[in-house]
Amino acid sequence: MPTPSNPLKAVRGTRDLLPPDTALWNRVESIARSVFSRYGFGEIRTPIFEDTSLFARGVGEETDIVSKEMYSWEDGERLDKEKLRDWWFRKHDEQLGSWEEFEGTFDYTVEIQDRPYENELLAFANQATPALTATLAAFEAPLYPPRADVDAWLAQDEPRDSSQLNDRSRHLKPVKRLVVPTGIPNKTEEWLKDDLVVEYAFGNFTKSSQSLTLRPENTAGVVRAYIEHNLGDSGQLQKLFYIGPQFRRERPQRGRYRQFWQIGAEVLGPVTSGSESPLRDAEVLEMLATLLDELGIKGWKLELNSVGSATDRPRYVAALREALAPIKHQLCEDNQRRAETNPLRVLDSKDPADQALIDALPRIADFLDDPSRDHFAQVLAALDACGVPYTVNPRLVRGLDYYTRTTFEFTVPSSGDPASGLGTQNALLGGGRYDGLSEMLGGPRAPGIGFAIGEDRLILTLQAQSGAPHLDSEMWEKKLDAYIAPLGAERNAAALALARELRRAGLTVEVGDGSFRLKKSFEAADRVARHIVILGEDEVATGILTVKTFATGEQTKIAQADLAQALRT
Ligand code: AMP
């Protein structure tokens, strides 16, 4: 039980973002939006939860994210209407003939009412043809309540589903029966008074529920949307960016949260749109360098690597397995597991004791086929031409299964260096190419490249690297244009009306309260605003207002018509 001494708190690993910090978040997002728009990106917003299989297939079962960090749940048991309907028709097969014959002759519905597991089967004839009338006559007697009962049911003051009945022509022959699956709680008694036919269905009529997951990353969702909306059909390269929360059950620490924000972008499309070109990789990296520079991030470092094509990777993984086999037992427990399940991840390991062994493992660069090698060389050449500095890191393979060819990370100076603000979490953003992801999700071929910036880490870095000229706190704590001080509660309404007028004219305005003494209003106003506008009885009567400018200490009388203009200065 929460008590005043033990109130409810935000869940571990989540946090509230409050003003004035949120002003910095907004500023960062607006700079990102501005950079993205200059490079031709449009915004995409995908749902925060998706079918679990999207991530299992897209991100990879063996990744840390999918194997242990996802927030997944079974989205409740559902009644399987189809199953119940089939059961019903099978049961009444003799009277009804086969379902195929029945179909098209009747409209039917098996409806679930608001209360769980109370199901109604309504059968309506949709045409009163002689053949149909004969068919109905054949099975009406044993199956349906006598016509008189139906009429009585319809004549009730508030017949249920009357709208549905009225919609249909007068030839309709409504039949109402309640099909109640046994073994699950139900409240049939309430229904019995309606002279319904109640039938108990035996068996399991629930559908195993859908497994849903809070998105741990956004690329899989973007590619799913690309496939679902046939974005490739235009033949154009799709350039999409997103800004939003992601969820991973990681051990929280500074710079690592369970709900964190990512600013990301994806460039993908059919091969004919140029989506496979190394130019795309270089353009994305150059855009990131521009974005970090415009944000004022100092000392960023770009590391990149090529993890090869879908055919290079298995050859490399086989060689890694072979090299790991004799030394595996010398590695830490985590790496021993990775050596079995996902040997590439061993390269990601930060365990200090394992570093020497890992450095001696085979390198992916020696396993690239000619097209991959050439692709990577062209990416590097384009970066050189743009003057974007980088380091090739042969161990950078990244934690997600979908990457092919170029992978990259931008870091800021690492732990121990106060300029980072990130502690040990020094990766600001990561990304790479994912040429086979669309096919893995059942879509058309759509090579692509993308990245995700950890927005929380970006903000921590900016805050630690204070002094970035356009991000200084003055800007966030900018004073309001005016503070309106009503004298006496009777003036409150007039104060709000005046504030409305000024705000509509584009000014930033705070309204005090008539119960404040003038001294208190002055103090409050001086803290938040450049001017105080005093609204007493005289001012309301004459429309001439008293305005004090704090910077100069000057106090003047200004006609209400001229007020907005005067307060702007
Ligand atoms: P990933 O999707 O794992 O490639 O991560 C991309 C970026 O998101 C990383 O470089 C981090 O900046 C950020 N990130 C990933 N996980 C977290 C987390 N748990 N908390 C905060 N930021 C994160």
Counting only residues that are in a helix (DSSP H, G or I) and out of contact with any strand residue (DSSP E or B) (no Cβ under 9 Å at 6 or more places or on another chain), which one in region 302-315 is surrounded by the fewest Cβ atoms within 10 Å (Cβ to Cβ)?
PRO314
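In region 286-307, is there at least one residue being away from the ligand (no atom under 15 Å from the Cβ), within 30 Å of LEU214 (Cβ to Cβ), in contact (Cβ under 8 Å) with a residue 24 or more places away in the chain and not hydrophobic (A, V, I, L, M, F, W, C)?
In the first step, residues of region 286-307 are kept if they are away from the ligand (no atom under 15 Å from the Cβ); the result is 286-287, 289-290, 293-294, 296, 298-299, 306.
Those left that are additionally within 30 Å of LEU214 (Cβ to Cβ): 287.
If we keep only those that are in contact (Cβ under 8 Å) with a residue 24 or more places away in the chain as well, we get 287.
Retained after the next criterion (residues that are not hydrophobic (A, V, I, L, M, F, W, C)): none.
Within region 286-307 (the criterion being away from the ligand (no atom under 15 Å from the Cβ), within 30 Å of LEU214 (Cβ to Cβ), in contact (Cβ under 8 Å) with a residue 24 or more places away in the chain and not hydrophobic (A, V, I, L, M, F, W, C)), the answer is no, since none of the residues qualifies.
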Restricted to region 234-263, and to residues that are surrounded by 18 or more Cβ atoms within 10 Å (Cβ to Cβ) and of a type in the set (D, E, K, R), which residue is farthest from PRO413 (Cα to Cα)?
LYS239
Yes or no: region 321-335 includes at least one residue that is surrounded by 12 or more Cβ atoms within 10 Å (Cβ to Cβ), under 16 Å from TYR402 (Cα atoms) and touching a residue at least 24 places away in the same chain (Cβ under 8 Å).
no
So, ALA356, is that one closer than 18 Å to ARG395 by Cβ, free of Cβ contacts under 8 Å to residues at least 12 places away in the same chain and either out of contact with any His (no Cβ under 9 Å at 6 or more places or on another chain) or in a helix (DSSP H, G or I) (or both) or not?
yes
In region 207-215, is there at least one residue being buried (at least 18 other Cβ atoms within 10 Å of the Cβ), under 22 Å from PHE451 (Cβ atoms) and within 12 Å of the ligand (Cβ to nearest atom)?
yes
Complete set of residues in region 221-262 that are farther than 22 Å from VAL379 by Cβ, under 22 Å from the mean Cα position of the chain (by Cα) and in a strand (DSSP E or B):
TYR242, ILE243, GLY244, PRO245, GLN246, PHE247, ARG256, GLN259, PHE260, TRP261, GLN262
Just to be sure I understand the filter: pairs with C-beta atoms under 8 Å, separated by 6 or more residues or on different chains, first member in region 201-230 and among the charged types (D, E, K, R), second member within 13 Å of the ligand (Cβ to nearest atom) and part of a loop (DSSP other than H, G, I, E, B). Which pairs pass?
GLU217/VAL59; GLU217/LEU400
Can you pull out every residue in region 377-407 that is part of a helix (DSSP H, G or I) and buried (at least 22 other Cβ atoms within 10 Å of the Cβ)?
VAL379
Can you tell me which residue among GLU510, GLU537 is among the acidic types (Asp, Glu) and at pLDDT below 95?
GLU537
Under the condition of being in a helix (DSSP H, G or I) and modelled with pLDDT under 90, which residue from region 58-75 is surrounded by the fewest Cβ atoms within 10 Å (Cβ to Cβ)?
LYS68
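So that you can scan it fast, the table gives a plain yes or no per residue for (1) part of a helix (DSSP H, G or I); (2) not aliphatic (A, V, I, L, M):
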residue: LEU8; (1), (2): no, no
residue: SER30; (1), (2): yes, yes
residue: GLY40; (1), (2): no, yes
residue: PRO47; (1), (2): no, yes
All positions within region 230-270 that are within 12 Å of the ligand (Cβ to nearest atom) and farther than 24 Å from ALA56 by Cα
GLN253, ARG254, GLY255
Pair list, Cβ under 9 Å, 6 or more apart: region 445-459 residue farther than 26 Å from LYS298 by Cβ, other residue within 6 Å of the ligand (Cβ to nearest atom) and among the β-branched types (Val, Ile, Thr)
none
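For THR105, state whether it is at pLDDT below 95 and closer than 30 Å to GLU283 by Cβ. Steps first, answer last, please.
Values: at pLDDT below 95: yes; closer than 30 Å to GLU283 by Cβ: no.
Against the criterion (at pLDDT below 95 and closer than 30 Å to GLU283 by Cβ), THR105 does not qualify.
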Among THR556, THR461, which is the only one that is hydroxyl-bearing (Ser, Thr, Tyr) and modelled with pLDDT of 95 or more?
THR556
When ALA318 is evaluated against the numbered criteria (1) among the small types (Gly, Ala, Ser); (2) outside any helix (DSSP H, G or I); (3) free of Cβ contacts under 8 Å to residues at least 40 places away in the same chain, which criterion, by number, is the only one it fails?
(2)
Within region 264-286, tally of residues that are of a type in the set (A, V, I, L, M) and surrounded by fewer than 19 Cβ atoms within 10 Å (Cβ to Cβ)
2
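The values are calculated or read from the model by the stated rules, or taken from the named source; none is laboratory data. As the structure is a computational prediction, the values presented were derived from the model and not from experiment. Glycine also receives a Cβ, built like all others from the backbone with ideal geometry; neighbour counts cover every protein chain displayed.
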